[in-house]
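Read through the structure below, which is laid out as structure tokens, and then see the notes.
The values are calculated or read from the model by the stated rules, or taken from the named source; none is laboratory data. Just so it is clear, the structure is predicted and the values come from calculations on it, not from any experiment. Here the Cβ is made from the backbone with ideal geometry for all residues, glycine too, and neighbour counts use every protein chain on show. Ligands, DNA and RNA are excluded from the accessible area calculation, which covers all protein heavy atoms including side chains. Shrake-Rupley method; radii C 1.70, N 1.55, O 1.52, S 1.80 Å.
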Amino acid sequence: MLGLKPERLDAGEFDEQMVSVCGKSFLADNSGALYWPAESALIVADLHFEKGSSYARRGLMLPPYDTRETLSRLASTLDRYDPATVVCLGDSFHDDDGAERMSAEDRETLRMLQEDREWIWVTGNHDAGLSDRLGGVVTNEITVEGLTLRHEPVAARITHEIAGHLHPAAKVNLFGHTIRRPCFAGNGRRLVLPAFGAFTGGLNVLDAAFEPLFGDAGISVWLMGQDGLYPVASRLLRED
């Protein structure tokens, strides 16, 4: 599949884009993370640790390295931003037993990433029973500076919300090629983050599930390309 290239969109190389939610400024990163400079906070959604081992228990074989790959990508992102706080927006584990299946090595990696940082686990529909046994604070949602950070976006035209859950992805046709990639989706009043974890897939932003959130009021999309994060005009979006 063709990856987006900066020269094709007449843009310079970049790994992040400035986005705004209700007047607050954030950096959307091509890793799928969102950085909040004013709060020194990094926000990620849908890590889905131990998805591979969850599928293996049901006889569906996936490579068993998704947790390690996700932790490695998270470590690289933390190195770039060095946040004081990390907020994980739910479905951090693929199921409630995922933390028990996590290897000792991966647990140690997670512990090192948490060191000297505030770490907040927001629970999701996959890990509603998550406990604090892996360190950090567990909560169902948090509100910071008037913005609510939760796992599942409210299915109504609300504002002041940052969420995950839907794994947004966008499909575009450019220069005769079709590209489908994870993306950030927002409208200046709320934002839905892409899934950060390996093996997580994505739901097209033109799917009916997004209609209650954005309707016909317009949607802004930042596509995670091969070499950077790219704003994509809504007229270029295509259904699956």
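A few remarks follow.
- Of everything listed in (1) within 22 Å of residue 158 (Cβ to Cβ); (2) touching a strand residue (DSSP E or B) at 6+ places or on another chain (Cβ under 6 Å), the single unmet condition for residue 240 is (1).
- A count restricted to the range 29-43 and to residues that are touching a Ser or Thr at 6+ places or on another chain (Cβ under 8 Å) and closer than 20 Å to residue 181 by Cβ stands at 3.
- Subset of the range 101-136 [surrounded by fewer than 14 Cβ atoms within 10 Å (Cβ to Cβ) and among the hydroxyl-bearing types (Ser, Thr, Tyr)]: 103, 131
- Per-region count, the range 167-183, residues crowded, with 20+ Cβ neighbours inside 10 Å and farther than 25 Å from residue 208 by Cα: 0
- When restricted to residues that are open to solvent by less than 10 Å² (accessible area, probe 1.4 Å) and either outside any loop (DSSP other than H, G, I, E, B) or in contact with a Ser or Thr (Cβ under 7 Å, 6 or more places away or on another chain) (or both), the range 184-194 contains 6.
- Screening residue 172 on (1) of a type in the set (A, V, I, L, M, F, W, C); (2) within 29 Å of residue 82 (Cβ to Cβ); (3) not in a loop (DSSP other than H, G, I, E, B) shows it passes everything except condition (2).
- Residues that are within 20 Å of residue 140 (Cβ to Cβ) and at pLDDT below 95 number at least 1 in the following helices (runs of 4 or more DSSP H) confined to the range 22-128: 98-101.
- Residue within the range 143-166 that is open to solvent by 40 Å² or more (accessible area, probe 1.4 Å), more than 24 Å from residue 21 (Cβ to Cβ) and of a type in the set (D, E, K, R) present: no
- Residue in the range 196-205 that is surrounded by 15 or more Cβ atoms within 10 Å (Cβ to Cβ) and closer than 18 Å to residue 20 by Cβ present: no
- Among residues of the range 204-240 being in contact with a helix residue (DSSP H, G or I) (Cβ under 7 Å, 6 or more places away or on another chain) and touching a residue at least 60 places away in the same chain (Cβ under 8 Å), the one that is nearest to residue 186 (Cα to Cα) is 230.
- Boolean, residue 145 is among the acidic types (Asp, Glu), touching a Lys or Arg at 6+ places or on another chain (Cβ under 9 Å) and within 30 Å of residue 112 (Cβ to Cβ): yes
- Test for residue 159: is it in contact with a Lys or Arg (Cβ under 7 Å, 6 or more places away or on another chain) and not in a strand (DSSP E or B): yes
- Scanning the range 208-223 for residues that are under 18 Å from the mean Cα position of the chain (by Cα) and open to solvent by 20 Å² or more (accessible area, probe 1.4 Å) gives 209, 219, 220, 222.
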